[in-house]
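The values are calculated or read from the model by the stated rules, or taken from the named source; none is laboratory data. Note that this is a predicted model, so its numbers are computed, not measured. No Cβ is skipped: glycine too gets one built from the backbone with ideal geometry, and neighbour counts run over all protein chains shown. Surface accessibility is based on the protein's heavy atoms, side chains included, excluding ligands, DNA and RNA. Shrake-Rupley method; radii C 1.70, N 1.55, O 1.52, S 1.80 Å.
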Amino acid sequence: MNGFDSSTQKVPACGDVPRHVAIIMDGNGRWAKRRFLPRIAGHKRGVEAVRRTVTACAESGVEFLTLFAFSSENWRRPAEEVSFLMQLFAVALEQEVAKLHENGIRLRVVGDLSPFEPRLVRLIQAGERQTADNRGLTLTVAANYGGRWDIVQAMNRMIAAHPEKAGQYSEQDLAPWLAMNHAPEPDLFIRTGGEQRISNFLLWQLAYTELHFTDTLWPDFDAKALAAAMDSYRRRERRFGRTSEQLTASTVPPPAVSEAAGS
Ligand code: FPP
């Protein structure tokens, strides 16, 4: 158990500011192509957008920010691009972890790290260790992550730990083994770059997340684009399976005691 409510088991408390924002950072390649630059130039500019977004989220009171940096399916890209993305991630870790730490940000990386070079794994582990006790924003980077991979790895670990429960596992049994167990389910999902799909991101956790799609390309994403997503989020009615009337009724204050007694 992680102390966070499961949206399918209990209606979580929701405020005006999303507690957890999860982002698919799409559009780096197109940003570069429009400028007749190589795709990798778009990824480089994407790191600047990551920096801006981390700052804007921390300033807005977001507690958890999760970024999809590299999917299990991104290995299908040209080898040079994959290798560049790995390099970029390593350089970003080398250059940014100290700044994250100074700002009280806790870094977590989720995904299957086994195919990564040992140097990159060491940087990830060192960054996580250094920032582990920070109490500010939790920044989770999903690297070689896939929603299906996560569910399967969680299931395998759960069964290995509790073989005696075969045939009777529940949602609550599986949840602690998922890679995102350190965070509540996302309130707001943002995908930049104009496509409207989930692309095997947090399949389990997005069950009741509000989805926001924007044409803004990731390297152009900034505090204003984040504010627009948050405005859209604030206008949503989060029903979690209930009716709109139930929600209205639950926000109307109960009648005063004398009135209720019929006097
Ligand atoms: C998608 O754009 C972007 C990626 C697959 C890589 C995202 C990586 C970064 C922003 C930099 C590294 C991240 C961190 C956390 C340091 P795309 O290439 O699919 O763009 P396209 O759809 O326009 O081709």
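Remarks
- Residues in the range 95-107 that are touching a residue at least 12 places away in the same chain (Cβ under 8 Å), within 13 Å of the ligand (Cβ to nearest atom) and either surrounded by fewer than 13 Cβ atoms within 10 Å (Cβ to Cβ) or in a strand (DSSP E or B) (or both): Leu107 alone.
- The one condition in (1) of a type in the set (Gly, Ala, Ser); (2) farther than 25 Å from Gln196 by Cβ; (3) in a helix (DSSP H, G or I) that Gly3 fails to fulfil: (3)
- Some residue of the range 114-131 being open to solvent by 40 Å² or more (accessible area, probe 1.4 Å), within 14 Å of the ligand (Cβ to nearest atom) and under 21 Å from Ala56 (Cα atoms): no
- Test: residue in the range 42-58 that is part of a helix (DSSP H, G or I), more than 10 Å from the ligand (Cβ to nearest atom) and either among the hydroxyl-bearing types (Ser, Thr, Tyr) or farther than 20 Å from Asp222 by Cβ (or both): yes
- Taken over the range 21-40, the criterion of being surrounded by fewer than 20 Cβ atoms within 10 Å (Cβ to Cβ) and within 11 Å of the ligand (Cβ to nearest atom) is satisfied by Arg30, Lys33, Arg34, Arg39, Ile40.
- Test: residue in the range 10-20 that is surrounded by 14 or more Cβ atoms within 10 Å (Cβ to Cβ), closer than 21 Å to Lys224 by Cβ and of a type in the set (A, V, I, L, M, F, W, C): yes
- Residue in the range 59-83 that is most open to solvent (accessible area, probe 1.4 Å), counting only those that are modelled with pLDDT of 95 or more and more than 8 Å from the ligand (Cβ to nearest atom): Glu59
- Each residue in the range 133-172 was checked for being open to solvent by less than 40 Å² (accessible area, probe 1.4 Å) and part of a helix (DSSP H, G or I), and 5 pass.
- Matching residues, the range 187-226, being within 12 Å of the ligand (Cβ to nearest atom) and outside any loop (DSSP other than H, G, I, E, B): Arg191, Trp218, Pro219, Asp220
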